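What follows is one structure encoded as structure tokens, with my remarks underneath.
The values are calculated or read from the model by the stated rules, or taken from the named source; none is laboratory data. None of the values given here were measured: they were computed from a predicted structure. Neighbour counts run over all protein chains shown; Cβ positions are idealised from the backbone, glycine included. Protein only, heavy atoms only, side chains kept; ligands, DNA and RNA dropped before computing areas. Shrake-Rupley method; radii C 1.70, N 1.55, O 1.52, S 1.80 Å.
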Amino acid sequence: MLVRTIESVADWLSENVCEKILLKLPDDSKNNNEYTVRAVHPAAFPLYVPGKDRLPPDVPAPVPSICVQLIEGSDNLFSRSRTLNIRLVMACWNPGIHGNERFIPEENKNAVGGRSYFIRNEENNQVYQKTMDGWKDSMNFQDTVLSELEKSEYIAGNRIMKEEEIKFGLFSEEGDICDYYPYWHSWISFRLTVGLNAKSPKIYENYL
């Protein structure tokens, strides 16, 4: 039952979240002007993110991805209900602005927000600008997941406990945000209520 529940959450994310967002496919050997941007839908994994040698045949890389983790659970045998604390871990990759991206930001004090954008052409096709703006991809990914969770009551028949908080944030250590540049990570946690189908043990049947 636990396996089915975790896999059903991953399937729900794949259908309702991953198909709505495109993120850069990593190429650690070419993260400069030699890299041609390729955008893919994130993969949804149950419990663990597999290594490159254990990926499903239709998944090009472990990142971008969202992983469904079980933090802890509890069973209420009287109400025959199970509560699961679920954490979603989102990962993406973005070392900066690559020349073949359609819109490239440029500092402009006269523009709203201090930046203007121009469309690439053949001359700037090989331009590369290293930035720390990959966190924006991570936040947009997180926002997309939160939006789907907040407008849904159930995930594969399991109730989202909206009477409790849906929490989210960035990975940190001793109060400092972890820096894994050019990889970016964030998390969301929430609780699910799952019905139990287990029958009452015979030893108690005469007392129920």
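For the range 2-20, state whether one or more residues are out of contact with any Asp or Glu (no Cβ under 7 Å at 6 or more places or on another chain) and outside any helix (DSSP H, G or I). No, the range 2-20 has no match at all. Scanning the range 176-190 for residues that are open to solvent by 70 Å² or more (accessible area, probe 1.4 Å) and either touching a His at 6+ places or on another chain (Cβ under 8 Å) or not β-branched (V, I, T) (or both) yields D176, D179, Y180. Summed over the range 134-167, residues that are within 17 Å of S186 (Cα to Cα) and part of a helix (DSSP H, G or I) total 16. Screening V63 on (1) in a loop (DSSP other than H, G, I, E, B); (2) of a type in the set (V, I, T); (3) farther than 25 Å from M139 by Cα shows it passes everything except condition (3). Taking every residue in the range 173-201 that is more than 24 Å from D137 (Cα to Cα) and pairing it with any residue that is at pLDDT below 90 and of a type in the set (D, E, K, R), at least 6 positions away or on another chain, the pairs with Cβ-Cβ distances below 7 Å are G195/R80; L196/R80. Taking each residue of the range 55-81 that is in contact (Cβ under 8 Å) with a residue 24 or more places away in the chain and within 27 Å of P42 (Cα to Cα) and looking for partners that are among the hydroxyl-bearing types (S, T, Y) and surrounded by fewer than 10 Cβ atoms within 10 Å (Cβ to Cβ) with beta-carbon atoms closer than 7 Å, six or more apart or interchain, yields nothing. If you go through the range 140-157 and keep only what is within 15 Å of I66 (Cα to Cα) and either open to solvent by less than 50 Å² (accessible area, probe 1.4 Å) or more than 16 Å from the chain's Cα centre (by Cα) (or both), you end up with F141, Q142, T144, V145, L146, E148, L149. On the stretch given as the range 36-59, residues that are among the hydrophobic types (A, V, I, L, M, F, W, C), at pLDDT 95 or above and open to solvent by 40 Å² or more (accessible area, probe 1.4 Å) total 2. Counting only strands (runs of 3 or more DSSP E) that sit wholly inside the range 72-131, those with at least 1 residues that are at pLDDT 85 or above, among the charged types (D, E, K, R) and over 16 Å from R38 (Cα atoms) are 81-93, 128-130.
For S29, the test of being in a strand (DSSP E or B), of a type in the set (S, T, N, Q), more than 13 Å from the chain's Cα centre (by Cα) and at pLDDT below 95 is failed.
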